[in-house]
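Worksheet: the structure to be examined is printed underneath.
The values are calculated or read from the model by the stated rules, or taken from the named source; none is laboratory data. Only a predicted model underlies this, so the values are computations on that prediction, with no experimental measurement involved. Virtual Cβ from ideal backbone geometry, glycine too; neighbours counted across all protein chains shown.
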């Protein structure tokens, strides 16, 4: 944008020489801008959305499971298979 005249607010000339005079309150056209994201940026947005959908870790359950493993109450072959099946069901 080029500024012409004695005061920059009185007359403005755009790059395509469209003149506007702010003293006369002429209506100006507003150009809409658009943004196009690259494939990588779109992929990053999808990953961010997927991460936000992951539920928070329930630290109380993790502590209880660790206690059960340490005491021998959890960790049998059957427990392992049940955990794998539950995980596969979630995926």
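Numbers for the structure displayed
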quantity	calculated
Neighbours by Cβ (under 9 Å, 6+ apart or cross-chain): first from the range 22-42, on the phi < 0 side of the Ramachandran plot and modelled with pLDDT under 85; second surrounded by 10 or more Cβ atoms within 10 Å (Cβ to Cβ) and assigned to a loop (DSSP other than H, G, I, E, B)	22/9; 22/10; 23/9; 23/10; 28/18; 29/18
Pick from the range 59-77, criterion surrounded by fewer than 10 Cβ atoms within 10 Å (Cβ to Cβ) and at pLDDT 90 or above, ranking: farthest from residue 91 (Cα to Cα)	71
